[in-house]
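Please treat every number below as a calculation from the coordinates, not as lab data. Remember, it's a predicted structure, so these values are computed and weren't measured experimentally. Backbone-built Cβ (ideal geometry, glycine too); neighbour counts: all protein chains shown.
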Amino acid sequence: MDHSPRNSTVSATSTRMVDVLVPVALDQTYSYRVPRGMELKAGDLVGVPLGPREVLAVVWAENANPDPRLHNRLKDVSEKLDAPPLKSELRALVDWVANYTLGPRGMVLRMCLRMGENLGPERMRAGVRLVGDPPRRLTPARRRVIEVLSDRLLHGKSDVVKEAGVSAGVIDGLVDEGTLTVEPLPPPPPPPAPDPAYGQPEFSHLQRAAVDAMRALAANGTFHVALLDGVTGSGKTEVYFEAVAETIRRGKQSLILMPEIALTGQFLDRFAQRFGVRPLEWHSELTPRTRARNWAAISEGSAPVVVGARSALFLPYANLGLIIVDEEHDQAYKQDDGVHYHARDMAVVRAHIAKIPIVLASATPSVESEVNARKGRYQRIALPSRFGGQHMPHIEAIDLRREQPARGRFISPRLAGEIRTAIERREQALLFLNRRGYAPLTLCRACGHRFACTICDAWLVDHRFRQRLVCHHCGFSMPRPNVCPHCAAEESLVAVGPGVERLQEEAATLFPEARAMVLSSDLITSIETMRSELNEIAEGRVDIIIGTQLVAKGHNFPRLNLVGVVDADLGLSNGDPRAAERTWQLLNQVIGRAGREQGRGIGYLQTHQPEHPVMKALIACDREAFYNSEIELRERTLYPPFGRLAGLIISAGDRPSAEGFARRLVAMAPRDERVKVLGPAEAPLAVIKGRYRFRILVKSARGFDLSDYLRNWLAVAPKPKGNLKLETDVDPQSF
Ligand code: ADP
Ligand code: ZN
């Protein structure tokens, strides 16, 4: 075969090769031949044959010195796609993130290419036009098509299918007969651009310095990290909008990352008040069509501002000029499946690679960012008081050891009294409990049986609205029985502890005339219902808001002055080294919802340990006290950011395989006195979805290349086979 003239022509004319990266869970690149007449550069999007399939890939390197022996065994690149190439800065980010997280490079690349069903909107949007005479055989369906197209203008093919009520085949037939032509539809006009001068507010003298700093950093346009550190209600959003405005003026794109895009209805409106139009959104709930259109606008540069969840960080911006990470401390920035990465940290990496400024905004910065600001690595831009002279909420503890709620109740008499007063003044009250459902545990009073998930190491949570017991880890659920399945006793099952649904029941008995609303992620079916419920609260049509952490973030409820934290100790005692930091952040955020317009906010912490440093710092409004004690503790124990951590999670369908493999891994760990390998131990949730999980924790000094250490270790260690799975989590956020 090699001697056939045809083959020799091919090899004589296509001696060039490229290495491409395929967006699947593989780390290495593959070489392909470049067919004659095809011009390819690094970053180009191409189609290549991979096994039996044709897949999308990105040219990673132009291979200058192909090995001629290899050459004959390679396949050709099948096509070069009509899309902007992936810029070198994004390719560098993919390489960097893969190297740091130990996630396969192809998986990281995949995060850059989530562009909807098709490549660009143009591919989906074929147009047809009437050009010739009607065909001899004129069926009723064909007649309808010709009627729709009688103006001889270009129509979208799919629109004609709908309007004429025919199948696409009817149109194709008319094209074959020369009656119609197919032409690509012009791309849709770009959305109206945000106007940096549209609604610029007057800034208070306390905000001025921060505003100037924002404008300067955006105007400078070089790599620079600023920590916008401002108490809740200080106007951080208005202030960082000035950096966005400056970036728009410079003709560059801004990315605003948000931890929870489902909650940004109010944000989009505020953006529109400031800039005249809403920004482009990027999150998992976009329809494939919108996703494709937005992806194209982002990669072609026609979207000046993008607001998105963490996945928006990996998009191929045409000319990114600024990144804002709002609520930078939020845990939702950590992705814990597939590639384990922290979007805030990777955003700093992207800004560094792209040489652009980045702003991290928070009222309760992460300990990492606080330390970076104290050491001068980040510029601190502070807004220490609320806009308009409003006072910060006053915070008091309710000591549950002395002021107990009645039996089977969870709201203490004092808190109930305060809520009643608030309602009488026609103000709102928020009851905060970070627990979904009715009760976290159901047990039988007769035999002590506890309802647990059959495949996870977890109790089933009673959800009364749905009338089911539900596992929060795998989603398993069963109807709530009337009879104990263990001892057959009747009427013996009791709910133990509160969830938000149970609080609603208690609120209904305590305040029968009040209008209460529960906000919890499992009760919300779509972003739209979420946004409309938040609107009802903001407009004052609700007296008591009962919610999980969903209500803690970012909202502005003008008539809310009272926040009651039902169980302030909830997150403190789970053994997680970040428990104190999390609790401090969450409680500050949720109490920060109070008194934003009227300045009479008050927060009550129901707690069993009012002397805990977190409670004391909250009550004294002493931010420095909290960070000082937490930083001192981390420094002493060498926890991040004073030491480094990585986790290896080993899971398998049976316990001995998981544990055995974990032990063999530990035995292979390279010796290095700068590293401590701890474990294996059962992971905190030892069984999830029937998989047994063990965890190895690796601890090192700050500045040590933990990723490299892990890579060397895993290179010599046995590979997980069959049912075994090994995940790497560099900088784990929870334990
Ligand atoms: P933060 O994000 O710091 O909690 P926001 O940006 O939400 O604070 O601001 C709190 C409130 O104050 C918002 O209603 C905002 O519109 C208003 N605000 C802040 N700065 C100004 C300003 N300069 N002019 C008018 N309103 C402002
Ligand atoms: Zn389960």
Item to check | Convex hull volume per residue for the range 565-616, taking Cα atoms only, in Å³ | outcome: 71 Å³
Checklist entry - Under unit Cβ charges (Lys, Arg +1; Asp, Glu -1), what dipole magnitude, rounded to 20 debye, does the chain have relative to its Cα centre? => result 1060 debye
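Can you sort LYS721, LYS334 so the residue with the fewest Cβ neighbours within 10 Å comes first?
Details: LYS721 8, LYS334 19.
Listing LYS721, LYS334 from fewest to most nearby Cβ atoms yields LYS721, LYS334.
Add -39500 (n - 2.57) for each DSSP H run of 4 or more in the chain, then divide by its residues: what number comes out at 222 nm, to the nearest 500 deg cm²/dmol?
Numbers: 22 runs with 233 residues, N = 735.
Roughly -9500 deg cm²/dmol at 222 nm, from the helical runs in the chain.
Quick one: pull the percentage of alpha-carbon pairs in the range 230-280 with a separation above 16 Å.
Working: 569 of 1275 pairs.
Roughly 45 percent, once rounded to a whole number.
Could you size up the charge dipole of the range 69-171 around its Cα centre, putting +1 on the beta carbon of Lys and Arg and -1 on that of Asp and Glu, and report it in debye to the nearest 20?
Working: 20 positive and 12 negative charges, 77 e Å.
The dipole magnitude comes to about 380 debye.
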Checklist entry - So what is log10(I(q)/I(0)) for the range 69-224 at q = 0.10, 0.17 1/Å, when the Debye sum runs over its Cα atoms only? => result -0.74, -1.06
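Might you report the magnitude of the Cβ-based charge dipole of the range 274-407 about its Cα centre, with Lys and Arg at +1 and Asp and Glu at -1, to the nearest 20 debye?
Taking the Cα centre of the range 274-407 as origin, the dipole is about 280 debye.
Mind checking the alpha-carbon convex hull of the range 141-180 and giving the volume per residue in Å³? Don't skip to the answer; put the middle values down first.
On the way: hull volume 2.3 nm³, N = 40.
Enclosed volume per residue, from the Cα hull, is 57 Å³.
Which three numbers, in whole Å and largest first, are the semi-axes of the equivalent ellipsoid of the range 387-442 derived from its Cα gyration tensor as √(5λ)? If you can, show how the numbers build up before the last one.
Working: eigenvalues 130, 47, 36 Å².
After diagonalising the Cα gyration tensor, the semi-axes are 25, 15, 13 Å.
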Checklist entry - Where in the range 440-466 does the label zone of LEU685 land, with the point 7 angstrom along Cα→C-beta and an amide N cut-off under 11 Å? => result 456-459
Next on the checklist: Can you work out the Karplus-derived ³J(HN,Hα) for every residue in the range 224-231? Use 6.51 cos²θ - 1.76 cosθ + 1.60 with θ = phi - 60°, whole Hz, and x for glycine or proline.
Outcome noted: 6, 10, 10, 9, 8, 10, x, 4
Item to check | Spacing of the two label points (7 Å from each Cα toward its C-beta) at ASP522 and ARG250, in nm | outcome: 4.7 nm
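If you filter the range 272-303 for GluC sites (Glu not before Pro), then keep DSSP loop positions with at most 13 other Cβ within 10 Å, what is left? Intermediate results must be reported in sequence, preceding the final value.
Values: sites: GLU281, GLU285, GLU300; in loops: GLU285.
In loop regions of the range 272-303 (DSSP not H, G, I, E or B), the sparsely surrounded GluC sites (Glu not before Pro) are GLU285.
Any idea what the alpha-carbon Rg over 2.2 N^0.38 Å comes to for the range 170-224?
So the Cα radius of gyration is 2.53 times the expected 2.2 N^0.38 Å.
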Item to check | the range 684-735 - Rg over Rh from alpha carbon coordinates, Kirkwood radius | outcome: 0.99
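Evaluate E = 1/(1 + (r/R0)^6) for THR421 and ARG69, where r is the Cβ-Cβ distance and R0 equals 60 Å; express this FRET efficiency to the nearest 0.05. Each step should come with its number before you reach the end.
Values: r = 86 Å, r/R0 = 1.43.
So, using R0 = 60 Å, E works out to roughly 0.10.
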Checklist entry - Within the range 605-629, whose backbone N sits under 16 Å from a point 7 Å along Cα→Cβ of ARG636? => result 612-614, 625-629
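As a test of understanding, state the convex hull volume per residue of the chain from its alpha carbons, in Å³. If you can, show how the numbers build up before the last one.
Working: hull volume 170.1 nm³, N = 735.
Cα convex hull per residue, to the nearest whole number: 231 Å³.
Averaging the inverse of every distinct alpha carbon separation and then flipping it gives the Kirkwood radius. What is it for the range 607-700, in angstrom units? Each step should come with its number before you reach the end.
Working: mean 1/r = 0.0630 Å⁻¹.
About 15.9 Å for the range 607-700.
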Checklist entry - Once you have the alpha carbon radius of gyration of the range 324-375, what is it after dividing by 2.2 N^0.38 Å, with N set to its residue count? => result 1.15
Next on the checklist: If every alpha-carbon in the range 253-401 counts as one equal scatterer, what log10 I(q)/I(0) does Debye give at q = 0.17, 0.21 1/Å?
Outcome noted: -1.08, -1.47
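In what order do TYR709, TYR198 fall by count of nearby beta-carbon atoms within 10 Å, going from fewest to most? Write down the numbers at each step before the final one.
On the way: TYR709 20, TYR198 13.
Fewest to most other Cβ atoms nearby, the residues stand as TYR198, TYR709.
Rounded to the nearest 5, what % of DSSP beta bridges with both residues in the range 515-609 are antiparallel? Don't skip to the end; give the middle numbers.
Details: 0 of 8 bridges.
Close to 0 percent.
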Checklist outcome for this item: Taking R0 as 45 Å and r as the Cβ-Cβ distance between ALA406 and ALA209, the FRET efficiency 1/(1 + (r/R0)^6), rounded to the nearest 0.05, comes to 0.30
Checklist outcome for this item: In whole percents, the bins of 5 Å from zero upward hold the Cα-Cα pairs of the range 541-631 as 3, 13, 24, 25, 18, 10, 5, 1, 0
Checklist entry - For the peptides 603-613, 377-387, what is the packing order when you average, over each peptide's residues, the other Cβ atoms within 10 Å and list the highest mean first? => result 603-613, 377-387
Checklist outcome for this item: Here the FRET efficiency for LYS355 versus GLU396, based on Cβ atoms and R0 = 45 Å and rounded to 0.05, is 0.40
Item to check | the chain, relative contact order [Cα under 8 Å, separation at least 6], % | outcome: 11 percent
Checklist entry - When only DSSP loop residues count, what GluC sites (Glu not before Pro) in the range 641-735 have their Cβ near at most 15 other Cβ atoms within 10 Å? => result GLU673
Checklist entry - So how far apart, in nm, are the two label points at ALA620 and TRP96 if each is 7 Å from Cα heading toward Cβ? => result 4.0 nm
Checklist entry - How much length, in nm to one decimal, is gained on full extension between LEU678 and ARG270, taken as 0.36 nm per residue of separation minus their Cα-Cα distance? => result 142.1 nm
